[in-house]
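Enquirer: Below is one structure. I have some questions about it.
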Amino acid sequence: MSTAAIAHTEAEQSWVQPSKGRVAMFCVILAESAIFTIFVVAYIYNIGKSLYGPTPSQVLEVPIFNSICLLSSSLTIWLAEHAIERGKVKVFGLWWALTFVLGAIFLVGTGVEWHKLIYQDGLTISTNLFGTTFYSIVGLHASHVIIGLIALLTVLLFTVTGHVRQEHAERIQVLALYWHFVDAVWIVVFTVVYIIGR
Amino acid sequence: MADSTYPLPGSLETTPKRWSQAAVLEWLNSWVITVDHKKLGILYMLYSIFFLLVGGAEAIALRIQLFHPNLHIISPEVFNRLFTMHGTTMVFLVGMTYIFGFANYLIPLMIGARDMAFPRLNALSFWLTFFGGILLYYSFIGGGGLYGAGNAPDTMWWAYAPLTERAFSPGHAPDYWALSLIVTGFGTIGASVNVIATALCMRCKGMTLMRLPLLVWLNVVTSGLALITITPLTAAQVMLLIDRYFGGHFFDTQAGGSAVVWAHFFWIFGHPEVYVLVLPAFAIANEVIPVFSRKAIFGYPAMVSASVAIAFVSLGVWAHHMFTIGMSSAGNAFFVLSTELVGIPTGIKIFNWLATMWGGKIRFATPMLFCTAFVVQFLLAGLTGIMLSVAPWNWQLHSSYFVIAHFHYVLVGAIVFCIFGGIYYWYPKVTGRMLSEKLGKWHFWLFVSGFHVTFDTMHIPGLMGMPRSIYTYEANRGWGTLNMIVSIGGIIQAIAVLIFAVNLIWSYFKGKVAGNDPWDAWTLEWAIPSPPPVYNFATDPVVTSRRPLWDIKHPEDPDWKYE
Amino acid sequence: MLAKCQRYIPLSAKCAGILFASFAWQTAFAEGPQSTPSIFAPASTPATSIYGLSLFVLAITGAIFVTVASMLAFVIFRFRQRGEDDTSEPPQVYGSTQVELAWTVIPVLIVVVLFLTTARMIFAIQDAPQPKSALDVTVVGHQYWWEFNYPKLGIHAVNELHVPLSSPESPKPTYLTLLSADVIHSFWVPQLAGKTDVIPNNINKMWIDPQHPGLYVGQCAQFCGVEHAKMLLRVYVDTPEDFAKWVKNQQQQAVSDETVAAGRHVFETQACMNCHTISGTAATGRFGPDLTHMMSRDTLASGAMANNKENLREWIRHPDTFKEGSLMPAMQLNDQQLDQVTAYLSTLR
Ligand code: HEA
Ligand code: HEA
Ligand code: CUA
Ligand SMILES: [Cu+2]
């Protein structure tokens, strides 16, 4: 068998490539951003185009508490990332659980808001253009929160059963990246729906 | 391993394993559960070719109905379904799958990896795409719907609202269209993520980004573009389904919704989509043309940056499909400019191919024949694209057969030609046997002649005022003879494609044994046996230039000296 | 503007020649009287300007094609491998900054020229101010037929658009306001102007100023459902006298002829009146075409067939015969009723 050495001095140098988990998550976030952009554009375009009520200013209340919960969960998850990087599994578990709770509060808050809109204000997805766009965009975001919460919960269960160790920091950071994205999207949705659109 | 080595081409002859050795069921099962990038690549390709035949048969049915004015061979309803299904099939089930066929099979081999970054995601993506296609075609059976109306989708592949709203399309036709494309769309996203992660994170030692084979580069750009291109369509389709199932009003013009918004969303997807389709075709040409010209690709950095530029610019040109929709004159002018700007990076590519061939020793084997024809045809297609981008002229040409001719010139004349070229080029690697050159020549010459008879002629009825999507036309319009010629050309193409199908099967059993490196090529995949072993590379390769095999074959004048 | 466009013509005579040759060849082949709506036979300013621009663009793109394609042909013949046994490799060239710069800069210049010419034409056509003398027509697209309202003249015409002749001396352009009752359509009469989409919940405008009297055909150019292919358009460009005569007739009430009262009774007692309007009768439906002056038209159902008694009767008996999938249902009239309605409708000049 004839073989040829094609090694050069270069081969001695260390060969580092980006982490594939992170690259993949960035790709997913890119794709998701495009989806949200389209929904946001549709929302903005349709502001004020409903032919009949109720209008946003009549029924929408700014969900400040909710938003604070969700946004601060970005902070707690960041603290959790830090902890696991240092190998402090207990601290990690606490921050992680707090993140989960904050996310869950947000979700419940959205549920309460929708309940009020549907049963008190009679606004459903088919009532008017506002209803259609509102439930779509907030619902799309909420569905991402749900997916995030399921992932958080899974990790939480692994932590509780003692399966999470320092070497999983990388994967946890990838997951946290997603959670940061969901939070960032909320800032956009919040601005568009509750500030510009009201 | 400091001194990595790998065998020279032609040294490691293993006889290809035949499937008959295994029990058929086990064999089939191995294809269903596989997570091997090579097998998935082959599945993607078979899927793509299968739907090319289906979509092609639909096209022939269209052409038979248009053979003569006032024919009634196919009813208007069926005709509308056929061209919708033809367009949807060709774009989503042929165009979007051949990309990942080549990408899956070749990228790990070219970058010296053992598999894709996420093998299981890879399998999932394929099967999502697979079921999406089945779902689309199931509409022929299941699309009847509650109201007895509707059937297969029949609203063009643009599916312009409000025609797709419940009020105008009862039944389930648009639902099948939207749902099946959402499913294949998820498949595409998964596959794209995989391609990018593989190309960025799985490269063998020494394979820096500027040494990636151009095929890999272009597939990375394609995948990145696909990620932000497919998703707007998914979003718009979700809105459509919200309208249809939950009584939403996104595109309900009676309740203040907008028809124009759908058009924008569709083309925000639709325009970049055509570059998603064509970039992997360029990728194939980028590999084939240098090898058969016996020269390195001319201006590698320019090729890479031109591809990236095309991808970027293509995000801002979508409304050139909407010049007639009533935009402001400033808006129209903007999209004229952005559209014509795409011509510049594309021109760079054409010129680089030309320069690669210039001064070479061009060997016209079948792959090269297809790729040469591609360059000529793409040039002409691009120029008719420039004509269409001239907004006032577009007001005349839009939705006429001139547009149909323009885009078949690209979709068939560029993409299908490159697919064929690529298959002739890599078939020996995949199967271990050469495709018959004799049948290949027949296939090529019949296909180019059929192609030109059909699509050259098709421009003229467009200029003479013939709109698209019509199932028949008046006898006194003077379009009759031309349409007859177009239809005849379609049948010539069909014969050529049949020869190709025969060649694929015949050569698999009887073709000349290929050996590792039948084309005397330069990228890593040719260094290993054909077909490659499951693990691809016995030892991890190390490369020092863009053409590792050239360096081995020409130790006196290796490439890395010039990079 | 016409003069400006004329400047382009000599530039591009060659390209045009080739196209016209194929055009002439085509007409020689077909039999019978032709009415080909070719964009190369313009008869109104927008179409003429576009024609001039198109020749200019054809010349540029043609020149690019000839240049690049001949280089390709040269390469293919000059640099093909001669003899199988010649295995030496040609000299390797990896790129050249100067050359690459050249073929980036030249296309940039071409694009600039193309863009400027195009932009000027866009503004000239799209933003042309509406003169006082202009005629206003509101076009309403319906699934598979057209409605033409002349708000200032009080006319509701259908499927066949009548407009006055316009000339440079006494310009009488027609400004169209485009609306849709259901889905997106597109108004396209190639010899008069480029197409403009007809979109629900959205108002579009376009204008024409036909310079030669006669009939110009076109059709709906945006897929709008089953019978999109038979949503044809006919524009009659009338001399001022003819146009005045036509206007006068259209402004009349429907003819009321006692000899066909039976037919009128059928019309008013069947569902016809729910969808159709005949002025001076109980029929005020808006879903289908206005039939007040239906016999003044040459065709029925937007050009699907010639307007004569047999076709009319057959249409009412079974619209699918001519236009499968049209939104007019077969009304299941018996033979006698059919004859009576046909007779009645035939009087509506
Ligand atoms: C792979 C697919 C593909 C590709 C690559 C292209 C490439 C281009 N297309 Fe095409 N196009 C389609 C697929 C494609 N198109 C499809 C599918 C449709 C219709 C969809 C539907 O309606 O159903 C369509 C429709 C379409 C329209 C809308 C027509 C209408 O409906 O009104 C327009 C208008 O501007 C257009 C323009 C262009 C341009 C300018 C390019 C450019 O990228 C071309 C660039 C290339 C060149 C210009 C040639 C090489 C360059 C040089 C030699 C340099 C010198 C040249 C200059 C400086 C000009 N295309
Ligand atoms: C990759 C994309 C692709 C490809 C390859 C093709 C290939 C072909 N297309 Fe297609 N086409 C589209 C994409 C494509 N098309 C799109 C996007 C539309 C727009 C749809 C819309 O408006 O919604 C369209 C629309 C379209 C129309 C316009 C319909 C209309 O508006 O009314 C026509 C009409 O001639 C046509 C013809 C053809 C022909 C003759 C071929 C030929 O090249 C096909 C050649 C291949 C074969 C013939 C296969 C051979 C098959 C066999 C060997 C099996 C057995 C054969 C028989 C039973 C005959 N196509
Ligand atoms: Cu109306 Cu097509
Ligand atoms: Cu485009």
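The values are calculated or read from the model by the stated rules, or taken from the named source; none is laboratory data. These figures come from a predicted structure and were not determined experimentally. Using ideal geometry, Cβ is built from the backbone for each residue, glycine included, and neighbour counts are taken over all protein chains shown. Calculation scope for accessible area: heavy atoms of the full protein, side chains included, ligands and nucleic acids excluded. Shrake-Rupley method; radii C 1.70, N 1.55, O 1.52, S 1.80 Å.
Enquirer: Pull up the cross-link candidates among the lysines for C:Lys309, meaning alpha carbon to alpha carbon under 30 Å and not fewer than 8 places away within one chain.
Expert: Result set, ordered by chain and number: C:Lys230, C:Lys245, C:Lys248, C:Lys323.
Enquirer: Another question about this same structure. Which chymotrypsin sites (Phe, Trp or Tyr not before Pro) in segment A:26-89 sit in a loop by DSSP (not H, G, I, E or B) and have at most 16 other Cβ atoms within 10 Å of their own Cβ?
Expert: A:Tyr52
Enquirer: Starting from segment A:30-85, pick out the GluC sites (Glu not before Pro) whose DSSP state is loop and whose Cβ has at most 15 other Cβ atoms within 10 Å.
Expert: Hits after loop and neighbour filter: A:Glu61.
Enquirer: Round to the nearest 10 and report in Å² the accessible area of C:Glu310, as given by a 1.4 Å probe over the protein chains' heavy atoms.
Expert: Spelled out: C:Glu310, probe radius 1.4 Å, area about 130 Å².
Enquirer: Find the relative contact order for chain C and round it to a whole percent, using C-alpha pairs within less than 8 Å whose residues are 6+ positions apart.
Expert: The normalised contact order for chain C reaches 14 percent.
Enquirer: Given H placed 1.01 Å from N in the peptide plane, which residues other than close sequence neighbours of C:Trp146 have an amide H under 5 Å from its amide H?
Expert: Sorted by chain and number, the residues that satisfy this are C:Asn159.
Enquirer: Put a dot 7 Å past each Cα toward the Cβ at C:Ser96 and B:Arg114; how far apart are the dots in nm?
Expert: 4.7 nm
Enquirer: Ok, one more. Considering chain C as a Gaussian network with a 10 Å cut-off on Cα pairs, which listed residue, C:Pro90, C:Pro107, C:Pro168, attains the greatest mean-square fluctuation?
Expert: In this elastic network of chain C, the residue with the biggest mean-square fluctuation among C:Pro90, C:Pro107, C:Pro168 is C:Pro90.
Enquirer: If you take the square roots of the eigenvalues of the alpha-carbon gyration tensor of segment A:20-196 and sort them as a ≥ b ≥ c, do you get rounded (a/c under 1.5), prolate (a/b over b/c) or oblate?
Expert: prolate
Enquirer: Separate question: What net charge do the residues around C:Arg234 carry, taking every other residue with its C-beta under 12 Å from that of C:Arg234, with Lys and Arg at +1 and Asp and Glu at -1?
Expert: Around C:Arg234, the charge tally is -2.
Enquirer: Evaluate the distance, in nm, between pseudo-label points positioned 7 Å from the Cα of A:Asp121 and of C:Glu89 along their respective Cα→Cβ axes.
Expert: Rounded to a tenth, the inter-label distance reads 7.1 nm.
Enquirer: OK, next. With a cut-off of 8 Å between alpha carbons and a minimum separation of six or more residues, what is the relative contact order of chain A in percent?
Expert: Relative CO of chain A lands at 32 percent.
Enquirer: Another one. For B:Trp27 and C:Asp335, what does the FRET efficiency come to when R0 = 56 Å and r is the distance between their Cβ atoms, rounded to the nearest 0.05?
Expert: 0.25
Enquirer: For segment C:258-345, with all protein chains present and a 1.4 Å probe, just round the carbon and sulfur fraction of the accessible area to a whole percent.
Expert: Whole-percent figure for carbon plus sulfur exposure: 51.
Enquirer: Give me the percent of accessible area attributable to carbon and sulfur for chain B, probe 1.4 angstrom.
Expert: 73 percent
Enquirer: For the pair C:Lys248 and C:Glu310, what calculated FRET efficiency results from E = 1/(1 + (r/R0)^6), where r is the Cβ-Cβ distance and R0 = 41 Å, to the nearest 0.05?
Expert: 0.90
Enquirer: If you take every residue apart from B:Gly41 with its C-beta less than 13 Å away from the C-beta of B:Gly41, what net charge results, scoring Lys and Arg +1 and Asp and Glu -1?
Expert: 0
Enquirer: Here's a follow-up. Within straight cross-link reach of B:Lys441, meaning Cα distance under 22 Å, which lysines are found once same-chain residues fewer than 8 apart are removed?
Expert: Reachable lysines: B:Lys361, B:Lys429, B:Lys510, B:Lys512.
Enquirer: Rank B:Trp158, B:Trp358 by accessible area, highest first, at a 1.4 Å probe radius?
Expert: B:Trp358, B:Trp158
Enquirer: How much of C:Thr277 can a 1.4 Å solvent probe reach, expressed as accessible area in Å² and rounded to 10?
Expert: Answer for C:Thr277: close to 30 Å² accessible.
Enquirer: Another question, if that's okay. Place a point 7 Å from the Cα of B:Leu498 along the Cα-to-Cβ direction; which residues of segment B:400-444 have their backbone N under 17 Å from it?
Expert: Of the residues in segment B:400-444, B:439-440, B:442-444 have backbone N under 17 Å from the label point off B:Leu498.
Enquirer: Can you give me the Cα centroid spacing of segment B:249-290 and segment A:122-197 in angstrom?
Expert: Distance between centres, Cα-based: 28 Å.
Enquirer: Could you tell me the center-to-center distance, by alpha carbons, between segment C:285-349 and segment B:38-101 in angstrom?
Expert: One Cα centre to the other: 38 Å.
Enquirer: Related question: Just in segment C:54-83: which trypsin sites (Lys or Arg not before Pro) are loop by DSSP and have at most 16 other Cβ atoms within 10 Å?
Expert: Taking segment C:54-83 and a limit of 16 other Cβ atoms within 10 Å, the loop trypsin sites (Lys or Arg not before Pro) found are C:Arg82.
Enquirer: Rounded to the nearest 500, what is the 222 nm mean residue ellipticity of chain C from helices alone, with -39500 (n - 2.57) per DSSP H run of 4+ residues and division by all residues?
Expert: -13000 deg cm²/dmol
Enquirer: How high is the FRET efficiency between A:Val91 and B:Val78 when r is their beta carbon distance and R₀ equals 51 Å, given to the nearest 0.05?
Expert: 0.15
Enquirer: Rolling a 1.4 angstrom probe over the protein heavy atoms, how many square angstrom per residue are accessible across chain A?
Expert: Computed with neighbouring chains in place, this is 49 Å² per residue.
Enquirer: Looking at the square roots a ≥ b ≥ c of the eigenvalues of the Cα gyration tensor of segment C:258-345, which shape do they give, rounded for a/c under 1.5, prolate if a/b is larger than b/c, or oblate?
Expert: rounded
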